[in-house]
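Have a look at the structure below before the remarks.
The values are calculated or read from the model by the stated rules, or taken from the named source; none is laboratory data. Just so you know, these numbers come straight off a predicted model, no measurement behind them. Cβ placement follows ideal geometry from the backbone for every residue including glycine, while neighbour counts extend to all protein chains displayed.
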Amino acid sequence: MVRVGIAGVVHVHAPSYARCLEQSGGAELSGVWDPDADAAARFAGEHGCAAFDSLEELTTDCDAMVAAGTNIGHASIIEAVLAAGKPVLCEKPLAASAEETSRIAAADAQAPGLLGTAFPCPFSPVFHRMVEMVRSGEIGRVLSVSATNRGKCPGGWFVKKEESGGGAMIDHTVHVADLLWRLLGERPTSVSAETGDRLLGLDVEDTAHLTLGFPSGVFATLDSSWSRPKDYPVWGDVNLSIVGEHGTCDVELFGQGLRVYQGGAAHIGTGSDLDAAMVAEFVASVKERKPFRISGEDGICASRVALAAYESAATGLTANLG
């Protein structure tokens, strides 16, 4: 049985990760820690586990860690857990600043194969099908991608820049940046972005629109926003629409539906718990002592896309990603 701790319990996904561990046949939630001791105690009480007084004590007690605190707390947790030689699955965005990106990259280099990024979307069966269609050439050469990651505003520390690093753009860009890498097999070389803060009246942006350029000439657009109203029937969406030489393909990762148009229409649908699939694979990687599929480098690269988008929004110029 793999003993997994949760470091940081204030992220909205922390309860889901705890549930996944509790329902896993090969892991158990060994305990939690958070800089806010009261939050850790409440979370521990809700999930029937111990609340530890320090990150060091929790790291010693567990075999692996899930980091699910505020964005600006990720770097310190990653450094501590990797220094102890234990695997850690970190919530996104991995880094909320260029300085944190450098720190995490250095820690990852010193403990290769132990850091994973909590991107659940690659575990979507319909996304796998879309990747297969692109790789097989079913819709021809990809010309462009239009993507959305629109949700409800999570509030709390997410809207405090000193704890989150930004608003909707850093919160949502990283998911799609990673999906585009898996879909196209190349990292973006440029990004231009515009942001707005007039929808919710926050100190951080609530809407953002990005255009990403790729070495092959493909371009992608992304609506990365907190634009879904409170009474919206679902949390939000992660949608991708590909234009290819021989057809188009649309995927709704949360809707679990794939629509294909090639002289006719086809729909493929399925259902899955993406968090459960992600946590199960992380646990398996710990047991088998192999790197997690969604690497630390993947999370670092996605964070750099979001941070470059802030540079573009501030200067009004296209930012180069090198």
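Can you find a residue in the stretch 205-226 that is at pLDDT below 95 and charged (D, E, K, R)? So far as the stretch 205-226 goes, no, none of its residues is at pLDDT below 95 and charged (D, E, K, R). Please go through the stretch 186-206 and pick out each residue that is surrounded by fewer than 24 Cβ atoms within 10 Å (Cβ to Cβ) and in contact with a Leu (Cβ under 6 Å, 6 or more places away or on another chain). Within the stretch 186-206, Thr189, Asp206 qualify.
Counting only residues that are of a type in the set (A, V, I, L, M, F, W, C) and either assigned by TED's automatic domain parsing to the domain that holds Cys249 or in a loop (DSSP other than H, G, I, E, B) (or both), which one in the stretch 104-120 is surrounded by the fewest Cβ atoms within 10 Å (Cβ to Cβ)?
Of all residues in the stretch 104-120, those of a type in the set (A, V, I, L, M, F, W, C) come to 104-107, 109, 111, 114-115, 118-119.
Within this subset, residues satisfying the condition of being either assigned by TED's automatic domain parsing to the domain that holds Cys249 or in a loop (DSSP other than H, G, I, E, B) (or both) are 111, 114, 118-119.
Working: Ala111: 19, Leu114: 26, Ala118: 22, Phe119: 23.
Here the answer is Ala111.
Among the candidates Ala75, Ala67, Ala95, Ala109, single out the residue that is more than 27 Å from Glu162 (Cβ to Cβ) and either in contact with a Ser or Thr (Cβ under 9 Å, 6 or more places away or on another chain) or of a type in the set (Gly, Ala, Ser) (or both). Of the residues listed, the single one that is more than 27 Å from Glu162 (Cβ to Cβ) and either in contact with a Ser or Thr (Cβ under 9 Å, 6 or more places away or on another chain) or of a type in the set (Gly, Ala, Ser) (or both) is Ala109.
Take the stretch 17-48 and flag every residue that is outside any strand (DSSP E or B), of a type in the set (Asp, Glu) and surrounded by fewer than 21 Cβ atoms within 10 Å (Cβ to Cβ).
If the condition is that a residue be outside any strand (DSSP E or B), of a type in the set (Asp, Glu) and surrounded by fewer than 21 Cβ atoms within 10 Å (Cβ to Cβ), then Glu22, Asp36, Asp38, Glu46 are the ones that fit.
When Leu89 is tested against (1) closer than 21 Å to Val2 by Cβ; (2) in a loop (DSSP other than H, G, I, E, B); (3) touching a strand residue (DSSP E or B) at 6+ places or on another chain (Cβ under 8 Å), only condition (2) is not met.
For the stretch 254-278, filtered to residues that are buried (at least 17 other Cβ atoms within 10 Å of the Cβ) and touching a Phe, Trp or Tyr at 6+ places or on another chain (Cβ under 6 Å), the residue that is modelled with the lowest pLDDT is Leu274. When the residues of the stretch 126-139 are filtered to those that are in a loop (DSSP other than H, G, I, E, B) and touching a Gly at 6+ places or on another chain (Cβ under 8 Å), the one that is surrounded by the most Cβ atoms within 10 Å (Cβ to Cβ) is Ile139.
Summed over the stretch 147-177, the residues that are under 27 Å from Gly217 (Cβ atoms), touching a Gly at 6+ places or on another chain (Cβ under 8 Å) and part of a helix (DSSP H, G or I) give a count of 2. Taking residues in the stretch 296-320 that are closer than 15 Å to Leu89 by Cα, and partners anywhere that are polar (S, T, N, Q) and buried (at least 24 other Cβ atoms within 10 Å of the Cβ), the pairs with Cβ atoms closer than 6 Å and at least 6 places apart or on different chains are Asp298/Thr117; Gly299/Thr117.
Yes or no: Val4 touching a Ser or Thr at 6+ places or on another chain (Cβ under 7 Å), part of a helix (DSSP H, G or I) and surrounded by 23 or more Cβ atoms within 10 Å (Cβ to Cβ)? Step through it out loud before you land on a result.
Numbers: touching a Ser or Thr at 6+ places or on another chain (Cβ under 7 Å): yes; part of a helix (DSSP H, G or I): no; surrounded by 23 or more Cβ atoms within 10 Å (Cβ to Cβ): yes.
Considered against the rule, which asks whether it is touching a Ser or Thr at 6+ places or on another chain (Cβ under 7 Å), part of a helix (DSSP H, G or I) and surrounded by 23 or more Cβ atoms within 10 Å (Cβ to Cβ), Val4 comes out as no.
With respect to the conditions (1) touching a residue at least 24 places away in the same chain (Cβ under 8 Å); (2) out of contact with any helix residue (DSSP H, G or I) (no Cβ under 8 Å at 6 or more places or on another chain), Ala109 lacks only one, and its number is (1).
Residues checked against (1) closer than 22 Å to Ser295 by Cα; (2) touching a Lys or Arg at 6+ places or on another chain (Cβ under 6 Å); (3) buried (at least 24 other Cβ atoms within 10 Å of the Cβ):
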{"site": "Ser124", "(1), (2), (3)": "yes, no, no"}
{"site": "Cys153", "(1), (2), (3)": "no, no, no"}
{"site": "Gly156", "(1), (2), (3)": "no, no, no"}
{"site": "Thr173", "(1), (2), (3)": "yes, no, yes"}
{"site": "Leu184", "(1), (2), (3)": "yes, no, no"}
